[in-house]
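> Can you keep this structure in mind? I'll have questions shortly.
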Protein chains: 2
Amino acid sequence: MAVWGQMAGAWGISRTMAEVHALLYISGEPLCTDDIMERLDISRGNASMSLRALLDWGIVERAHKRGDRKEYFNCEQDVWTMFRAIVRERIKREVDPLLASLFEIRDLTPESKVPGATTHNERLDALVDFFSTVEKLGARFVSPPGRGLQLAASLLGSFAGGSSSRNASPEAKP
Amino acid sequence: MAVWGQMAGAWGISRTMAEVHALLYISGEPLCTDDIMERLDISRGNASMSLRALLDWGIVERAHKRGDRKEYFNCEQDVWTMFRAIVRERIKREVDPLLASLFEIRDLTPESKVPGATTHNERLDALVDFFSTVEKLGARFVSPPGRGLQLAASLLGSFAGGSSSRNASPEAKP
DNA sequence: TCGAACTTTCAAAATATTCTGAAAGCGATG
DNA sequence: CATCGCTTTCAGAATATTTTGAAAGTTCGA
């Protein structure tokens with residue numbers, strides 16, 4: 001199944017990570033490191049690191065079977081929840097530091113000090129505004145415990161329903 | 001200015017591309033290949049390829065100065081318009097092919113043929129639904145000639161205004 | 001048609017990222 | 001406290017991506 005390779009790009013996580021994640025998502029039951037190594041044909045080290053990364057992203061969790069020393073791993077089963085976790089992390093890792101740098105740069109070149117920096121600064125401000133808005137929008141989507149983006153979807157258009165044969169989130173409450 | 005390196009990740013384009021783009025955005029005036037080579041200290045080939053890629057993404061355009069054979073390049077000056085172009089391209093390049101593959105896979109394992117594939121297929125359907133919604137949402141954001149996301153921002157919350165000192169889109173039409 | 005002035009291409013080199021596997025760690029158990 | 005079963009680490013190998021630069025291509029004016 002090469003599809004999962006593609007999703008990696010779309011989601012901004014690395015290829016093997018995506019494959020491990022996919023395997024957990026699709027099989028729907030807890031798997032241990034050896035299962036993953038075998039099914040994906042990757043090394044133990046790689047499996048361990050990918051799993052750890054997925055744990056850091058908060059889209060996979062540890063599980064244990066009683067009477068078994070091995071660690072099993074479980075994947076969040078709701079796509080929207082997964083998505084929210086990913087957005088949360090990417091904002092934290094990419095947007096926030098970027099904003100910090102932008103502020104810093106802007107403060108380093110105040111118009112009073114650097115003549116002719118005015119248009120320059122207007123553009124910087126536009127960027128800062130843009131990313132601030134993205135950051136706030138993201139926070140909105142991410143924070144509610146319920147399903148935030150589905151709400152957004154219906155807000156933004158009249159196409160709330162899914163296109164495929166089943167409904168999008170299994171646990172949607174009427 | 002190492003900041004632009006960061007933006008590359010956030011936007012999903014390559015590092016040098018982002019730097020070229022940034023240079024054009026910040027300087028705000030048309031630059032030719034040699035300007036870019038010099039300011040960014042990159043090879044001619046690299047400059048040429050990055051520019052071409054930016055043209056393909058539709059966020060940079062060619063310009064000419066009369067009486068000069070050289071090609072100059074100009075960058076879209078409105079951040080939201082840039083963003084829309086990027087979303088449009090990423091959907092076309094990543095989401096659409098992904099959706100196609102998902103459909104294909106689902107059709108390859110119909111429940112009638114593969115017993116026990118039912119839960120499997122439910123999860124696939126959930127994914128298909130998710131990406132379909134993303135795709136439609138994206139289309140909504142991208143299509144209007146006006147500023148779609150700012151509208152979205154105000155729709156989704158009460159924080160329509162920017163955080164910095166100037167307003168976000170210089171050429172907003174009343 | 002020629003050549004000057006640019007631009008594009010692409011194979012090879014440089015760089016960056018990802019993966020492997022053996023060794024070290026860690027806790028539970030005898 | 002020695003060993004077993006399992007997990008993590010990390011230097012080096014394998015792979016993938018990006019960059020270079022020289023050669024080929026293009027365009028235009030004379």
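The values are calculated or read from the model by the stated rules, or taken from the named source; none is laboratory data. All figures in this text were calculated on a predicted structure; none of them were measured in a lab. Note that we place each Cβ from the backbone using ideal geometry, even for glycine, and neighbour counts take in every protein chain shown.
> In region B:61-68, is there at least one residue being surrounded by 15 or more Cβ atoms within 10 Å (Cβ to Cβ) and touching a residue at least 12 places away in the same chain (Cβ under 8 Å)?
From region B:61-68, those surrounded by 15 or more Cβ atoms within 10 Å (Cβ to Cβ) are none; that's our starting set.
Checked region B:61-68: no residue is surrounded by 15 or more Cβ atoms within 10 Å (Cβ to Cβ) and touching a residue at least 12 places away in the same chain (Cβ under 8 Å).
> Looking only at region B:81-118, count how many residues are of a type outside the set (D, E, K, R) and not in a helix (DSSP H, G or I).
Residues that pass the stated criteria total 7.
> Checking the condition more than 14 Å from chain A (Cβ to nearest Cβ), more than 15 Å from DNA strand C (Cβ to nearest atom) and within 27 Å of B:Phe130 (Cβ to Cβ), which residue from B:Arg93, B:Arg88 passes?
Exactly one residue qualifies, and that residue is B:Arg88.
> Sticking with this structure for a sec: Checking the condition within 22 Å of B:Glu104 (Cα to Cα) and modelled with pLDDT of 90 or more, which residue from A:Ala8, A:Ala18 passes?
A:Ala18
> Still on this structure: Go through region A:32-46 and count every residue that is surrounded by 15 or more Cβ atoms within 10 Å (Cβ to Cβ) and either of a type in the set (Asp, Glu) or more than 10 Å from DNA strand C (Cβ to nearest atom) (or both).
4
> Further, regarding this structure: Go through region B:9-31 and give me each residue that's crowded, with 18+ Cβ neighbours inside 10 Å and among the hydrophobic types (A, V, I, L, M, F, W, C).
B:Ala10, B:Trp11, B:Ile13, B:Met17, B:Ala18, B:Val20, B:Ala22, B:Leu23, B:Leu24, B:Leu31
> All but one of (1) among the polar types (S, T, N, Q); (2) in contact with a Lys or Arg (Cβ under 9 Å, 6 or more places away or on another chain); (3) modelled with pLDDT under 70 hold for B:Asn121; state the number of the condition that does not hold.
(3)
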